[in-house]
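Derivation of every value follows stated rules applied to the coordinates shown; laboratory data play no part. Since the structure is predicted, the reported quantities are computational estimates derived from the model, not experimental observations. Virtual Cβ from ideal backbone geometry, glycine too; neighbours counted across all protein chains shown.
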Amino acid sequence: MRFKDKVVLITGAAGGIGSATAKRFASEGAKIVLVDMDQEGSEKAAKKLNLNAEDYLVVKADVTKEEDVKNYVKEAKDRFGKIDVFFNNAGIEAKYESIMETDSDAMEMVLDVNLKGVYYGLKHVLKVMTEQGSGSIINTSSTAGLLGFPNMAPYVASKHAVIGLTKTAALEVAAKKVRVNAICPAPVDTDMMEDIEEASGMEQEDFNVAIPLGRYAKAKEIAALVAFLGSDDASYITGSAYTIDGAMTSG
Ligand SMILES: NC(=O)c1ccc[n+]([C@@H]2O[C@H](COP(=O)([O-])OP(=O)(O)OC[C@H]3O[C@@H](n4cnc5c(N)ncnc54)[C@H](O)[C@@H]3O)[C@@H](O)[C@H]2O)c1
């Protein structure tokens, strides 16, 4: 029960990784704020937490809109009085096409969610956490934040940027006892990878060839890392980008 009496805010909470992470934190005693633009999906994920109604909150938000981000932070604060852990996780994949084929709208759309959404989240949650003098933030990057991948330029650029934001934020708030880390998963068994498989015309087995462990990560394996980074077990870890990639980036 590492998160008894702790408040955990999760964006992208209706999705594969977000909902699995909400489950993990809830199972360790946390109160959960589920944020997503997919309200129905968030409600569904919330029902699976087996929490009493007073121990969770669902907030609809589009993370690309600063007003929505301000609002989810305010709602969390009004309801629970604090935010102990923030999983800044909402994200989208890009179309599968080369840089020469990528138009500026496609680039902008991905950067809006994956970069600006993460930046707005940091901006407004950090205000709460620095005032508290405590907190842990985990931003979702990707192996695409560490390596280039052909035909995925907007996604790759956005996920590299998340690591830059993470390191900068960690330096800015370390003195206030707030930690900020990123995670860099290899393909995870969620809807997002199904979309990427479909767009690229590749199968899971084709992607597995590049992963020494020979398989996708499970969402609950990502959740375990997020819970560790959010907990006091990780009290000296800040400014790090954690690979969770079956050795995909080790070669
Ligand atoms: N699945 C993978 O293979 C993989 C690998 C590495 C990193 N990631 C990253 O993990 C994170 C979660 O991905 P997932 O696999 O759970 O995908 P997912 O598609 O299952 O979930 C993403 C969630 O984000 C929400 N979302 C999208 N745009 C939003 C917006 N503007 N405002 C609010 N919510 C929004 C969606 O509604 C969805 O519920 C993403 O940042 C993704 O880039 C995924």
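Within region 225-241, being out of contact with any helix residue (DSSP H, G or I) (no Cβ under 6 Å at 6 or more places or on another chain) and surrounded by 14 or more Cβ atoms within 10 Å (Cβ to Cβ) holds for Leu225, Leu229, Gly230, Ser231, Ile237, Ser240. Among the residues of region 52-62, none qualifies, meaning not one is under 21 Å from Ser158 (Cα atoms), more than 16 Å from the ligand (Cβ to nearest atom) and not aliphatic (A, V, I, L, M).
Of all residue pairs spaced 6 or more apart or on separate chains, those with beta-carbon atoms under 7 Å, a first member in region 75-92 that is at negative phi and among the hydrophobic types (A, V, I, L, M, F, W, C) and a second member that is within 14 Å of the ligand (Cβ to nearest atom) and part of a loop (DSSP other than H, G, I, E, B) are Ala90/Gly12; Ala90/Val63. Of all residues in region 55-94, count the ones that are over 15 Å from Val8 (Cβ atoms) and among the charged types (D, E, K, R). The number of residues fulfilling the criteria is 10.
Residues that are surrounded by fewer than 20 Cβ atoms within 10 Å (Cβ to Cβ) and not aliphatic (A, V, I, L, M) within region 162-183 comprise Gly164, Lys167, Thr168, Glu172, Lys176, Lys177, listed in sequence order. Residues in region 95-135 that are under 19 Å from Cys184 (Cα atoms) and in contact with a strand residue (DSSP E or B) (Cβ under 6 Å, 6 or more places away or on another chain) were compared, and the one that is farthest from the ligand (Cβ to nearest atom) is Gly121. Output the residues belonging to region 158-196 that are of a type in the set (A, V, I, L, M, F, W, C), within 14 Å of the ligand (Cβ to nearest atom) and either more than 27 Å from Lys218 (Cβ to Cβ) or touching a Phe, Trp or Tyr at 6+ places or on another chain (Cβ under 8 Å) (or both). Selection gives Leu165, Ala182, Ile183, Cys184, Ala186, Val188, Met193, Ile196. Can you find, within region 197-242, the residue that is farthest from Ala161 (Cα to Cα) among those that are in contact (Cβ under 8 Å) with a residue 40 or more places away in the chain, within 14 Å of the ligand (Cβ to nearest atom) and within 14 Å of the chain's Cα centre (by Cα)? The qualifying residue farthest from Ala161 (Cα to Cα) is Lys220.
When you scan region 191-211, do you find a residue that is touching a Leu at 6+ places or on another chain (Cβ under 8 Å) and over 17 Å from Lys95 (Cα atoms), even just one? Checking region 191-211: not a single residue is touching a Leu at 6+ places or on another chain (Cβ under 8 Å) and over 17 Å from Lys95 (Cα atoms).
Mind checking which helices (runs of 4 or more DSSP H) fall wholly inside region 104-182 and carry at least 3 residues that are within 17 Å of the chain's Cα centre (by Cα)?
Once the helices (runs of 4 or more DSSP H) in region 104-182 are filtered for at least 3 residues that are within 17 Å of the chain's Cα centre (by Cα), what remains is 117-132, 153-173.
Between Leu49, Leu57, Leu115, the distinction of being surrounded by 18 or more Cβ atoms within 10 Å (Cβ to Cβ), touching a Phe, Trp or Tyr at 6+ places or on another chain (Cβ under 7 Å) and under 25 Å from Phe228 (Cα atoms) belongs to Leu49 only.
Filter region 11-33 down to residues that are within 10 Å of the ligand (Cβ to nearest atom) and hydrophobic (A, V, I, L, M, F, W, C) and give me whichever is nearest to Ala217 (Cα to Cα).
Checking each candidate, the answer is Ile17.
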